[in-house]
Amino acid sequence: MDGSLTIYANGRFCRYDEAKIGLMTHALHYGTGCFEGVRGFWSTRDEELYLFQLEDHYERLHASAKILMMKVPHTVAELVKITTELCARNNFRGDVYVRPLMYKSNEEIGVRLHDVRDALAIVAMPFDRYFDATAGLNCTVSAWRRIDDTTAPARAKVTGVYINSALAKSEAVLNGYDEAILLSADGHVSEGSAENIFIVKKGVIYTPDASQNILEGCTRKTLMTLAEAEFGLTVVERAIDRSELFTADEVFISGSAAGLQFVRAVDHRVVGDGTQGPIAKKLADLYDKVVRGALPTYHGWLTRTYGSRKAAAV
Ligand code: PMP
């Protein structure tokens, strides 16, 4: 990390290398934190850094914090303001990733959620790409199952729960794949290690519904809206079986960091003809335009950094 980046921690802006936490910090030992991953997209045309769906991400942070018995010290509107100021102070002129983090900050022994102090930090950094996969992703179904909501809250973006993702991702990569697809405890397709998943069959898009222990992704919601509103496609949320991955015409995954990535193969079964399918292609192309402010209809999803206001609807 670049220590000279400006970050927000303990209620003020400071340098990244000034903001330290102690070795006994509760969240470091017990996974008692929750976070977000927000993307900012630079538009050369507008000389503007657009933060994508910032409110949605901060609403999810508030929801995750509530589940962890935390109180976020700011409203969603205040967090939006702090984040635009943070990006502006860093004078970013390229794509960025913003990582807000709420964490239990007591430095003492004792696992619990109650009676522990909470702290907020927001780090923003230049960001290029999460996957380098123009040829699509080579995926495997993980031996690890997606955390069940009876074990830990699947719909909260909790730091400790990411051991589930880390186990699956490393297993996949060390076995020669790009990404893992996790099944839920009951054996249905849930999601990738840090992405939601979609399949296409005969022109209809299917994606696991909220009861499949998915993290309800902001990008997932965006793609569902765009598919229906711009292309008149039907999106069905339902349980998906593992073998449907093998027979789908298209499979793609979505996430703030990942964007939309098409899946080339699942466990050695080539998806379609192994190239990006027509629905993934038109959604990915549209998504790229939307996030950089090229479509006025969707300016409501963008927050300007330098204009420091919502992108003006034209
Ligand atoms: N599932 C998991 C486990 C994730 O970490 C992410 C990334 N936040 C997603 C799904 C996709 O969510 P989003 O589109 O909001 O980034």
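Below is a table of values for the structure above.
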quantity: Residue match in the range 34-45 (condition: touching a residue at least 40 places away in the same chain (Cβ under 8 Å), assigned to a loop (DSSP other than H, G, I, E, B) and under 19 Å from TYR97 (Cβ atoms)); calculated: yes
quantity: Which listed residue, of ARG292, ARG242, is surrounded by fewer than 16 Cβ atoms within 10 Å (Cβ to Cβ) and not assigned by TED's automatic domain parsing to the domain that holds ASP46; calculated: ARG242
quantity: Which listed residue, of GLU195, GLU171, is closer than 20 Å to CYS34 by Cβ, acidic (Asp, Glu) and touching a residue at least 24 places away in the same chain (Cβ under 8 Å); calculated: GLU195
quantity: Test for ARG89: is it within 18 Å of GLY307 (Cα to Cα), in contact (Cβ under 8 Å) with a residue 24 or more places away in the chain, touching a strand residue (DSSP E or B) at 6+ places or on another chain (Cβ under 9 Å) and not in a strand (DSSP E or B); calculated: yes
quantity: In the range 199-233, residue farthest from the ligand (Cβ to nearest atom) [restricted to those that are in a loop (DSSP other than H, G, I, E, B) and in contact with a Gly (Cβ under 8 Å, 6 or more places away or on another chain)]; calculated: LEU233
quantity: Subset of the range 199-223 [touching a strand residue (DSSP E or B) at 6+ places or on another chain (Cβ under 6 Å) and within 18 Å of ASP288 (Cα to Cα)]; calculated: GLY217, THR219, ARG220, LEU223
quantity: Selection status of ALA133, over 30 Å from VAL251 (Cα atoms) and among the small types (Gly, Ala, Ser); calculated: no
quantity: Options ILE21, ILE7: the member that is within 22 Å of HIS74 (Cα to Cα), in a loop (DSSP other than H, G, I, E, B) and in contact (Cβ under 8 Å) with a residue 12 or more places away in the chain; calculated: ILE21
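Quick grid of which residues meet (1) touching a His at 6+ places or on another chain (Cβ under 8 Å); (2) over 20 Å from LEU215 (Cβ atoms); (3) surrounded by fewer than 19 Cβ atoms within 10 Å (Cβ to Cβ):
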site: TYR97; (1), (2), (3): no, no, yes
site: MET102; (1), (2), (3): no, no, no
site: MET125; (1), (2), (3): no, yes, yes
site: THR134; (1), (2), (3): no, yes, yes
site: ALA152; (1), (2), (3): no, no, yes
site: ILE163; (1), (2), (3): no, no, yes
site: ALA172; (1), (2), (3): no, no, no
site: SER184; (1), (2), (3): no, no, no
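The values are calculated or read from the model by the stated rules, or taken from the named source; none is laboratory data. The model shown is predicted, which means the values in this text are computed figures rather than measured ones. So basically every Cβ, Gly included, is an ideal-geometry build from the backbone, and we count neighbours across all protein chains shown.
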